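The values are calculated or read from the model by the stated rules, or taken from the named source; none is laboratory data. No experiment lies behind these values; they were computed from the predicted model shown. Glycine gets a Cβ as well: all are built from the backbone with ideal geometry, and neighbour counts include every protein chain shown.
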Amino acid sequence: MDGIVFFRTERLAEVVAFYRDRLGTHVWLEQPDCTVLRAGDFRLGFCEREAADTDGIVTFVVETREAVEDLHADLADVADGAPRYNERYEIYQFFATDPEGRTVEVQTFEHDTSAS
């Protein structure tokens with residue numbers, strides 16, 4: 001089964017540009033007032049509305065610490081600090097904020113996830 005997570009947005013073009021240009025997503029589908037982006041198997045949709053959904057965390061999972069650090073370099077101006085190891089979850093991560101205030105996380109798992 002596949003899926004898409006949708007968010008309402010008040011600034012469709014700006015938000016789409018942020019995820020496309022700064023996080024490397026690609027436009028997967030354009031609809032009349034919605035754009036669906038794709039990064040690997042992750043699909044994320046934004047639909048123009050009168051109010052924005054900003055709750056939750058949009059998490060991008062990458063393969064290595066180096067990939068986390070590369071994305072941090074691209075997002076340093078909107079990041080909450082340097083990438084760091086989270087002992088509890090055994091991940092290397094950082095958080096950033098998109099143009100509407102959504103929390104964006106970039107992380108890599110540092111434990112075996114093949115059995116999941």
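Take the range 46-69 and flag every residue that is surrounded by 12 or more Cβ atoms within 10 Å (Cβ to Cβ), part of a loop (DSSP other than H, G, I, E, B) and among the β-branched types (Val, Ile, Thr).
THR54, VAL62
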Residue count, the range 25-40, condition in contact with a strand residue (DSSP E or B) (Cβ under 6 Å, 6 or more places away or on another chain), within 21 Å of VAL78 (Cβ to Cβ) and surrounded by 15 or more Cβ atoms within 10 Å (Cβ to Cβ), comes to 3
Taking the range 25-40 and keeping only residues that are within 16 Å of the chain's Cα centre (by Cα), assigned to a strand (DSSP E or B) and not β-branched (Val, Ile, Thr), one is left with HIS26, TRP28, LEU37, ARG38, ALA39
| Quick check, is THR97 surrounded by fewer than 17 Cβ atoms within 10 Å (Cβ to Cβ) and touching a helix residue (DSSP H, G or I) at 6+ places or on another chain (Cβ under 6 Å)? | yes
The condition of being surrounded by fewer than 19 Cβ atoms within 10 Å (Cβ to Cβ), touching a helix residue (DSSP H, G or I) at 6+ places or on another chain (Cβ under 9 Å), not acidic (Asp, Glu) and not in a loop (DSSP other than H, G, I, E, B) holds, among ARG22, ARG43, only for ARG22
Among strands (runs of 3 or more DSSP E) completely within the range 70-116, the ones holding 1 or more residues that are modelled with pLDDT of 95 or more, under 30 Å from GLU48 (Cα atoms) and small (Gly, Ala, Ser) are 91-97
Among ALA79, ALA73, the single one that is free of Cβ contacts under 8 Å to residues at least 24 places away in the same chain, surrounded by 15 or more Cβ atoms within 10 Å (Cβ to Cβ) and more than 26 Å from ASP2 (Cα to Cα) is ALA79
In the range 25-59, anything acidic (Asp, Glu) and in contact with a Lys or Arg (Cβ under 6 Å, 6 or more places away or on another chain) is listed as ASP53
